[in-house]
Amino acid sequence: MTLGESMHWRRWLAGGPALVKRMVLSARAELAATGALLVLAISVLSFIEIADDVQEGDTRRIDRAILLMFRTAGDPETPLGGRWVREAVGDITALGGWTVLTLFVVLLVGFLVSLRRWREAALLAAAAIGGTVLGQTLKGIFGRERPEESLRLVEAIHTSFPSGHAMMSAVIYLTFGVLMARFANRTRVKIFGMIMGVVLTLMVGVSRVYLGVHWPSDVLAGWCVGAAWAMFCWLVVWAAERWWRADVEHAPQG
């Protein structure tokens, strides 16, 4: 082996760990994007199926049966668990309400801007604004009536399908989980962030059925649309970052 070849291999070996690290990170990014695309596709297809069943009236019986599971047998106006459970569920459902979510988004966007994380701030703001417009548009298109007033434990306005609370909690909390995973260096922190987003989303959705202001199919549809929109927004940012990075790397030097 010549001296030049020996120096070439030494430089390659010295840079080997960094190259391997970049390859691993790139593979992880591709895997995350593939997972997000899969969630997006499944959510859209599931929403289409649910919407079709709702319009044909196929969910009516199971919707009512599931809602009544949260009520005392023989007395559909009395919820299970007593007054304290009802109050706790009311607090949980507020986590998916317009006031709490707006305050949460404003504070988090402000925090991201203070850290100069412009793309993350834009992602959260766009997800929130776009999700709100999308949800209201879908409600106007389907115009489904809510459960009868005798089953409602709280006041509710607007139409029922899809559930706005379920949808927006999925949009905001899942996006927050993704952002938390981007900030964290440890895998267990990333996993915790995603699990927290999913758990909050599920809790809000179930609370809407318990309170009798949404049919279960409304909530399922809201989760599907919310998850699809959150993944779509993330994929747009991911693709933009890769395009920008590739543009910088191929820019002429000098």
Looking only at segment 91-142, count every residue that is charged (D, E, K, R) and at pLDDT 90 or above and tell me the total. 2
Out of (1) out of contact with any Cys (no Cβ under 9 Å at 6 or more places or on another chain); (2) within 25 Å of Val178 (Cα to Cα); (3) loosely packed, with under 15 Cβ neighbours inside 10 Å; (4) of a type in the set (Gly, Ala, Ser), the odd one out for Gly140 is which? (2)
Take Arg83 and decide whether it is over 17 Å from Val209 (Cβ atoms) and either touching a strand residue (DSSP E or B) at 6+ places or on another chain (Cβ under 8 Å) or not in a helix (DSSP H, G or I) (or both). no
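The rows are residues; the columns are (1) polar (S, T, N, Q); (2) closer than 29 Å to Trp84 by Cβ; (3) in contact with a Gly (Cβ under 7 Å, 6 or more places away or on another chain).
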position: Leu174; (1), (2), (3): no, no, yes
position: Leu179; (1), (2), (3): no, no, no
position: Val199; (1), (2), (3): no, yes, no
position: Leu202; (1), (2), (3): no, yes, no
position: Asp218; (1), (2), (3): no, yes, no
Residue list for segment 51-63, filter: surrounded by 13 or more Cβ atoms within 10 Å (Cβ to Cβ) and touching a residue at least 12 places away in the same chain (Cβ under 8 Å): Ala51, Asp53, Val54, Thr59, Ile62, Asp63
Complete set of residues in segment 95-127 that are crowded, with 16+ Cβ neighbours inside 10 Å and touching a His at 6+ places or on another chain (Cβ under 8 Å): Gly96
Restricting segment 61-80 to residues that are among the acidic types (Asp, Glu) and not in a helix (DSSP H, G or I), which is farthest from Thr201 (Cα to Cα)? Asp75
Considering only residues that are among the aliphatic types (A, V, I, L, M) and not in a helix (DSSP H, G or I), which ones fall in segment 104-162? Leu115, Leu153, Val154, Ala156, Ile157
I'd like to know if segment 128-136 contains one or more residues that are of a type in the set (A, V, I, L, M), surrounded by 14 or more Cβ atoms within 10 Å (Cβ to Cβ), over 16 Å from Met196 (Cα atoms) and out of contact with any helix residue (DSSP H, G or I) (no Cβ under 8 Å at 6 or more places or on another chain). no
Being surrounded by fewer than 24 Cβ atoms within 10 Å (Cβ to Cβ) and among the hydroxyl-bearing types (Ser, Thr, Tyr) is the filter here; which residues of segment 161-192 pass it? Thr187
If you take the residues of segment 26-50 that are in contact (Cβ under 8 Å) with a residue 12 or more places away in the chain and of a type in the set (Val, Ile, Thr), which of them is surrounded by the fewest Cβ atoms within 10 Å (Cβ to Cβ)? Val44
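The values are calculated or read from the model by the stated rules, or taken from the named source; none is laboratory data. Owing to the predicted nature of the structure, the values given are computational and were not obtained by experimental measurement. So basically every Cβ, Gly included, is an ideal-geometry build from the backbone, and we count neighbours across all protein chains shown.
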